[in-house]
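Take a look at the structure set out below.
The values are calculated or read from the model by the stated rules, or taken from the named source; none is laboratory data. Everything numeric here is computed off the predicted structure, so don't read it as measured data. As a convention, Cβ positions derive from the backbone with ideal geometry for all residues, glycine included, and neighbour counts pool all protein chains shown.
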Amino acid sequence: MLKKLSLAAVIAMGTMSVASATPLTEAIKNVDLSGFLRIRFYNEDVKKVNASAATKTQYNAWRTNAILIFKVPVAENIKFVMRNSVQTWVNTNDGFAPKKGTTSVDDTIANNLLFMQYSNGPLNAIVGKIPVATSVTSADPVTPGHGAGAIATYKVNDNLTVGAAFVDALKQGGSETSVLPAAAIYHVTVNGQSKSTGTIFRDIYAAVAAFNVDMVKGNVWYYKISNLADYVFTASVDVTPVENLDVHVDFAAGNLDNDVAKALGVKDNTKKYYNISAKYSMDQFCAKIGYAKTDKNAAPVELAADAPIGAVITTANNYNIANLQDVSSVYGKIGYNVDAKTNVYLAAQHQNAGSKAANPNNDLNEYTIGGAYKMNKKLSFSAYYDIADWDKKANNPDQNEFRFEAKYSF
């Protein structure tokens, strides 16, 4: 019966009117569907110390996500891509960070995308309301950086690909721990006081070159971001000098827009950030150690906590310092594959805040223990327990977090 049902039949019944119709089986024949369904459960244990007393709270939180991505061929080399997403938060938080004041949030409208994709040999392009996957925008698959515009890449040869992008009103989808709020408000600490540029829609211009030569691969990006940065430059390089050893280097520099800097009272408006790490794998074991550092100046080098250039620290929650002032982190991780489906790991970091940091001399020790089990090719389970211990608990509350995740990918 289903095979005989079509939109034309609906028209014949007088329930709606359209210029033309396609039988359902024909409409879905060449459509590719991908995405995932995900459930996360959190238990938060937060302790804050102020001048009068210590306060402690414990609460649960639930985050559910459904991402459906439809790719519809419409002509030779052209597809339309529609991304539908639903996200809901439910928790009993009484006001403690990081999920302050949230009962439920539905991001369906904000993070839904619709764009045209063109692929022809070495040339690829997308145009419309698009995901903006760069080194400085959110790489979270649930809440990606996005906007209206176009991105194009051209594969020059097997060793080099170049690209360019222009996006109107870039928006960050946000993340579980955001450097910037969803509207991409830029916050900076000047003489111990937090200041903001306010909510300004931003256009972003970008150029990229990605390379892969022998044992070296990486990418270089250059950005101009209206009402925020005269320029942001990032570079990421991976070197494999010997088998099983990977050395990774990140560098970023940003120059705050002169008018914005003047409005905020920022004098030293050029910022630098770098990160270096080494990862070694042998049999069932892998180990990683790294060091990340920012200078003392106030300027942006990224737009989201989940941006690849900054989201490098191995612990679960405080994993990005790129936009902070005068902060460094020594971090590491050890992992073990119990079998083909199961792995466990232990991660740690020591974060040091200097005299020019937002919270001077407020150091952090953080530890994460976790693991994952892949039941089959599509269904996986994971969990971790994270401990964040700050020196100055009045400014940053200590927080223990347990998270369990069930994810079905298709």
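A few remarks follow.
- Flag if I369 is surrounded by 16 or more Cβ atoms within 10 Å (Cβ to Cβ) and β-branched (V, I, T): no
- Checked against the criterion of being small (G, A, S), loosely packed, with under 13 Cβ neighbours inside 10 Å and at pLDDT below 95, the candidates S104, S85 yield just one match: S104.
- Among strands (runs of 3 or more DSSP E) entirely within the stretch 147-233, having at least 1 residues that are at pLDDT below 60 singles out 187-190, 193-196.
- Any hit, the stretch 317-328, residues being part of a strand (DSSP E or B), of a type outside the set (F, W, Y) and over 16 Å from V136 (Cβ atoms): yes
- The stretch 385-406: number of residues that are within 16 Å of R38 (Cα to Cα) and either among the aromatic types (F, W, Y) or part of a loop (DSSP other than H, G, I, E, B) (or both): 1
- Residues of the stretch 325-341 that are without any contact (Cβ under 8 Å) to a residue 60 or more places away in the chain, more than 20 Å from K279 (Cβ to Cβ) and touching a strand residue (DSSP E or B) at 6+ places or on another chain (Cβ under 9 Å): D326, V327, A340, K341.
- In the set L264, L303, L228, only one residue is surrounded by 16 or more Cβ atoms within 10 Å (Cβ to Cβ), closer than 22 Å to Q325 by Cα and out of contact with any strand residue (DSSP E or B) (no Cβ under 6 Å at 6 or more places or on another chain); that residue is L303.
- Within this structure, N269 passes the test of being touching a helix residue (DSSP H, G or I) at 6+ places or on another chain (Cβ under 7 Å) and not hydrophobic (A, V, I, L, M, F, W, C).
- Failed criterion for D391 (all others in (1) touching a Leu at 6+ places or on another chain (Cβ under 9 Å); (2) crowded, with 18+ Cβ neighbours inside 10 Å hold): (2)
- Residue in the stretch 276-287 that is under 21 Å from the mean Cα position of the chain (by Cα), on the phi < 0 side of the Ramachandran plot and either part of a strand (DSSP E or B) or outside the structural domain of K333 (by TED's automatic domain parsing) (or both) present: yes
- For the stretch 329-350, a tally of residues being farther than 12 Å from Y367 by Cβ and either surrounded by 18 or more Cβ atoms within 10 Å (Cβ to Cβ) or under 14 Å from the mean Cα position of the chain (by Cα) (or both) returns 3.
- Residue within the stretch 391-400 that is among the small types (G, A, S) and over 21 Å from the mean Cα position of the chain (by Cα) present: yes
- Failed item in (1) surrounded by fewer than 23 Cβ atoms within 10 Å (Cβ to Cβ); (2) in a strand (DSSP E or B), with P308 passing the rest: (2)
- Filter pass, V242 being of a type outside the set (D, E, K, R) and either surrounded by fewer than 16 Cβ atoms within 10 Å (Cβ to Cβ) or modelled with pLDDT of 75 or more (or both): yes
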